[in-house]
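The values are calculated or read from the model by the stated rules, or taken from the named source; none is laboratory data. Since the structure is predicted, the reported quantities are computational estimates derived from the model, not experimental observations. Note that we place each Cβ from the backbone using ideal geometry, even for glycine, and neighbour counts take in every protein chain shown.
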Amino acid sequence: MQTLREKITFVLTALAYLLFHIRTGPSTGAMIAGTVEQLLTTAPYCIGFTFVLVAIIRYMHDGKRPAWDRIARIYFTIGILFAFYFALYEYGDRGHQEQLRLEGKKMPIESLLLRDDTPTVPLYLA
């Protein structure tokens, strides 16, 4: 990061990363907790994909590692993509829950250990 333009775009990328991870809630505490939870949820994915992409870049450039700010930009970009995907999923689920609430229906309970959600037929994991 030598020029002013690179510094500005780096800061804007970092702010976009944080902006895409913001989650809404009924109070400020819930908003902060939701945002931190979202950051911690996407962090392993971002770290893993960044590691793979940096390894590919190193391979393509004869073992030369990119600068730290380039690696951070890769991390932020991958984080923005995952945050956008998770936000679409969460907001879509909220809309579905709201529609079921208005219709007076309950959300179906999905179980990973019981077949067909019946407690009489357990699914054996062995």
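Of all residues in region 34-62, which are in a helix (DSSP H, G or I) and more than 22 Å from TYR85 (Cα to Cα)? So that I can check it myself, show each step before the final result.
The first filter runs over region 34-62 and keeps only residues in a helix (DSSP H, G or I), leaving 34-60.
Of everything in region 34-62, those that are in a helix (DSSP H, G or I) and more than 22 Å from TYR85 (Cα to Cα) turn out to be VAL54, ALA55, ILE56, ILE57, ARG58, TYR59, MET60.
Among the residues of region 35-62, which ones are surrounded by 15 or more Cβ atoms within 10 Å (Cβ to Cβ) and within 18 Å of the chain's Cα centre (by Cα)?
Applying the first criterion (surrounded by 15 or more Cβ atoms within 10 Å (Cβ to Cβ)) to region 35-62 yields 35, 38-39, 42, 45-46, 49-50, 53-54, 57.
Residues satisfying the conditions are THR35, GLN38, LEU39, THR42, TYR45, CYS46, PHE49, THR50, LEU53.
In this structure, is ALA126 of a type outside the set (D, E, K, R), within 30 Å of LEU15 (Cα to Cα) and either surrounded by 11 or more Cβ atoms within 10 Å (Cβ to Cβ) or at pLDDT below 95 (or both)?
Judged against the criteria, ALA126 is not a match.
Looking at ARG65, ARG23, can you tell me which residue is touching a residue at least 40 places away in the same chain (Cβ under 8 Å), outside any helix (DSSP H, G or I), surrounded by 11 or more Cβ atoms within 10 Å (Cβ to Cβ) and touching a helix residue (DSSP H, G or I) at 6+ places or on another chain (Cβ under 7 Å)?
Unique residue meeting the criteria: ARG23.
Taking the residues in region 45-100 that are closer than 19 Å to LEU15 by Cβ and among the aliphatic types (A, V, I, L, M) as candidates, determine which candidate is modelled with the lowest pLDDT.
Among those residues, the one meeting the criterion is ALA87.
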